[in-house]
Amino acid sequence: MKARIISTGSYLPEKVITNNDLEQIVDTSDEWILERTGIRERRIINGEETTSDLACEAAQRALKRAALKPRDIDLIIVATISGDMVFPSTACFLQQKLGAKNAAAFDLNAACSGFLYGMHISNSLIKSGAHKRVLLVGAEALSKFTDWSDRTTCVLFGDGAGAVLLEGTKEKRGIYSTHIFSDGSLSDLITLPGGGSKNPCSRETILKRLHFMKMKGNETFKVAVRTLEQLASSTLEENRLDPSQLSLLIPHQANLRIIQATAKRLELSPEKVFINIEKYGNTSAASIPIALDEAVQSGKCREGEYILLEAFGGGLTWASALLRW
């Protein structure tokens, strides 16, 4: 018994902010952003939307494609670092909006690796028999926590949500392996310092702009390139697969240069690497499920083929999953 993905869905807000728009806000340029990140534009929620709204839209699309009702779900996991509130969980808000009365619900915080951490947990729970059908969502409203005066971070992030439905199977297809890792000694590289017990909201934390994301970009880039190259290779080795047997690599969409470095290490041709960072930027935990849904809808995920998912994020955390579609 293993878990397999039976359906996918995604949702992106309508509002688009281009690199040219950012040129009017901070000292940057379309050429600079594109060269260093691969991003052309990103989606931003409107003032009334919340993370759970994005999650609900993605989840409803996944349910519709699977011809399932919310009552058919027995567990909801939402991977996010930008939930509606500190508590209750965004997963509980999503449960209420869907009307999924038979489901338990909780949030998971592993930053950009959150969706794959959630896949690791979902796979384990389904294999154990504890749960039969899991709705796993990656959803982020990062624009709410973006300092639009900080040119090092405001060019990177966007909003969106992706969802998958998982259930058990005895077929050859499904999740072959998941791998999760962390290194808390590097926790200072990507942070949102304010709002927790260390820096609770106060006049001082607001003046110091501690309630916005902070990132040491150069240091993070170096660690990410090295770690993701090793992660991809070790995941394939553990499953006794050669990179040539992969049909598709779906990486976290954080930086085009990081994606290209991993693809080069694996000697993958461009058509085997799914990239949509130019349209959406870094949507953290939503990145991989959005990309996966787009790959599925475009026919790039074909039955029986191997697909590798990998991510790297704050914590630091990193994770991978090998699927046979």
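The values are calculated or read from the model by the stated rules, or taken from the named source; none is laboratory data. Nothing here was measured: the structure is a model prediction, and the numbers come from that model. Note that each Cβ is placed from the backbone with ideal geometry, even for glycine, and that neighbours are counted across all protein chains shown. Accessible surface is based on the protein model in full, side chains and every heavy atom, while ligands, DNA and RNA are left aside. Shrake-Rupley method; radii C 1.70, N 1.55, O 1.52, S 1.80 Å.
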- Task: Taking only region 227-250 into account, find how many residues are surrounded by 13 or more Cβ atoms within 10 Å (Cβ to Cβ) and either free of Cβ contacts under 8 Å to residues at least 24 places away in the same chain or outside any helix (DSSP H, G or I) (or both).
- Result: 8
- Here are 267, 204: which of them is open to solvent by 60 Å² or more (accessible area, probe 1.4 Å), farther than 22 Å from residue 280 by Cα and at pLDDT below 95? 267
- Message: So residue 253 ticks every box in (1) assigned to a helix (DSSP H, G or I); (2) out of contact with any Pro (no Cβ under 8 Å at 6 or more places or on another chain) but one. Which box is left unticked?
- Response: (1)
- Query: What is the residue count in region 122-157 for residues that are farther than 21 Å from residue 11 by Cβ, touching a residue at least 24 places away in the same chain (Cβ under 8 Å), among the hydrophobic types (A, V, I, L, M, F, W, C) and surrounded by fewer than 20 Cβ atoms within 10 Å (Cβ to Cβ)?
  - Reply: 2
- Apart from one, (1) in contact with a Pro (Cβ under 7 Å, 6 or more places away or on another chain); (2) within 23 Å of residue 317 (Cβ to Cβ) all hold for residue 79; the odd one out is (1)
- Note on the structure: A careful count of residues in region 5-24 that are closer than 23 Å to residue 62 by Cα and surrounded by fewer than 20 Cβ atoms within 10 Å (Cβ to Cβ) gives 3
- Considering only region 274-305, state which residues are surrounded by fewer than 18 Cβ atoms within 10 Å (Cβ to Cβ) and either of a type in the set (Val, Ile, Thr) or outside any helix (DSSP H, G or I) (or both). 275, 276, 298, 299, 302, 303, 304, 305
- Single residue of region 140-152 satisfying the filter (assigned to a loop (DSSP other than H, G, I, E, B) and out of contact with any Gly (no Cβ under 8 Å at 6 or more places or on another chain)) that is farthest from residue 287 (Cα to Cα): 149
- Query: Of all helices (runs of 4 or more DSSP H) completely enclosed by region 29-104, which ones contain at least 3 residues that are out of contact with any helix residue (DSSP H, G or I) (no Cβ under 8 Å at 6 or more places or on another chain) and touching a residue at least 40 places away in the same chain (Cβ under 8 Å)?
  - Reply: 51-66
- Among the residues of region 92-101, is any open to solvent by less than 10 Å² (accessible area, probe 1.4 Å) and farther than 22 Å from residue 278 by Cβ? yes
- Of (1) assigned to a loop (DSSP other than H, G, I, E, B); (2) within 30 Å of residue 325 (Cα to Cα); (3) in contact with a helix residue (DSSP H, G or I) (Cβ under 6 Å, 6 or more places away or on another chain); (4) not aromatic (Phe, Trp, Tyr), residue 13 satisfies every one except (3)
- Message: Looking at 27, 84, 72, 53 in this structure, which one is open to solvent by less than 60 Å² (accessible area, probe 1.4 Å), more than 30 Å from residue 318 (Cβ to Cβ) and not aliphatic (A, V, I, L, M)?
- Response: 72
- Query: Can you tell me how many residues in region 32-55 are out of contact with any strand residue (DSSP E or B) (no Cβ under 9 Å at 6 or more places or on another chain) and either under 20 Å from residue 253 (Cβ atoms) or among the aromatic types (Phe, Trp, Tyr) (or both)?
  - Reply: 6
